[in-house]
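Structure first, then comments.
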Amino acid sequence: MKDYFLVAQIFGILAFLVSIISVLQKNRSKYIYFNLTQNVFSGVQYFFLSKIIACYLCGLTIIRLIVYNFKDRYNKIAYIIILIVFVTANILISLINFSVWYDIFPIIASTLVCFSVWQNSIVFIKIAVIITKVLWGIYACITRAYFSIAMDIFMIIWTIIFLCKQRNFMTEKNKQLDT
């Protein structure tokens, strides 16, 4: 494959821009749509960087986001089965495509996301986002996905700000209840 480094960076820019738009969404369906679009651009970016495992894991994330968009329609048993299917698919894709030591970073991140997005605790989900973005950021540094590094740093900062605001809101709410 020719060196498509610049093409990959263009898709990285698009993924970064869409990720900014996604965090500004208040509606879950819109957030999922923009997150899905961001994963399309990230997957294409990694394809052009010849990092096939990341490309496949972005593809699996796209499918997971489509299913997650309808999560309220599932009963508890179907919910658990779907989670098991995604974790199994994640592991199989990872085992089949594992080629270099640093492939472990997106594998761990993708597996953690599989579990975290199915939780109801927003704090747990946000902490998982920070961990996964650190892992993807390490992978992006190693693979020269420069705009993915910027996107991951942005998402880490945004999530930390969200958690701080959430904590302050809860502290203020508890103070009001105490008085």
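Annotations for the structure displayed:
- In the stretch 97-126, the residues that are more than 23 Å from Val67 (Cβ to Cβ) and crowded, with 16+ Cβ neighbours inside 10 Å: Asp103, Phe105
- Single match in Ile125, Ile142, Ile157 (criterion: hydrophobic (A, V, I, L, M, F, W, C) and within 11 Å of the chain's Cα centre (by Cα)): Ile125
Yes/no per residue for (1) assigned to a loop (DSSP other than H, G, I, E, B); (2) closer than 23 Å to Arg28 by Cβ; (3) in contact (Cβ under 8 Å) with a residue 60 or more places away in the chain; (4) of a type in the set (Val, Ile, Thr):
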{"position": "Ile108", "(1), (2), (3), (4)": "no, no, no, yes"}
{"position": "Ile130", "(1), (2), (3), (4)": "no, yes, no, yes"}
{"position": "Lys133", "(1), (2), (3), (4)": "no, yes, no, no"}
{"position": "Cys141", "(1), (2), (3), (4)": "no, no, no, no"}
{"position": "Ser148", "(1), (2), (3), (4)": "no, no, yes, no"}
{"position": "Met151", "(1), (2), (3), (4)": "no, yes, yes, no"}
{"position": "Ile161", "(1), (2), (3), (4)": "no, yes, no, yes"}
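Yes/no matrix, rows are residues, columns are (1) within 16 Å of the chain's Cα centre (by Cα); (2) under 17 Å from Gly59 (Cβ atoms); (3) aromatic (Phe, Trp, Tyr):
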{"site": "Tyr4", "(1), (2), (3)": "no, no, yes"}
{"site": "Ile10", "(1), (2), (3)": "no, no, no"}
{"site": "Leu14", "(1), (2), (3)": "yes, yes, no"}
{"site": "Leu17", "(1), (2), (3)": "yes, no, no"}
{"site": "Ser22", "(1), (2), (3)": "yes, no, no"}
{"site": "Asn27", "(1), (2), (3)": "no, no, no"}
{"site": "Gln38", "(1), (2), (3)": "yes, yes, no"}
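- Meets criteria (open to solvent by less than 60 Å² (accessible area, probe 1.4 Å) and hydroxyl-bearing (Ser, Thr, Tyr)) for Ser22: yes
- Note on the stretch 41-61: among residues that are crowded, with 18+ Cβ neighbours inside 10 Å and among the β-branched types (Val, Ile, Thr), the one that is modelled with the highest pLDDT is Val44.
- Checklist (1) at pLDDT 90 or above; (2) part of a helix (DSSP H, G or I); (3) open to solvent by less than 70 Å² (accessible area, probe 1.4 Å); (4) not aromatic (Phe, Trp, Tyr) applied to Ile32, failing item: (1)
- Considering residues of the stretch 83-102 that are without any contact (Cβ under 8 Å) to a residue 24 or more places away in the chain, assigned to a helix (DSSP H, G or I) and of a type in the set (A, V, I, L, M, F, W, C) only, the residue nearest to Ala145 (Cα to Cα): Trp101
The values are calculated or read from the model by the stated rules, or taken from the named source; none is laboratory data. Note that the structure is predicted; figures quoted are calculated from it, not measured. Methodologically, a virtual Cβ is constructed for each residue, glycine included, from the backbone with ideal geometry; neighbour enumeration extends over all protein chains shown. Heavy atoms of the whole protein, side chains included, go into the accessibility calculation; ligands, DNA and RNA do not. Shrake-Rupley method; radii C 1.70, N 1.55, O 1.52, S 1.80 Å.
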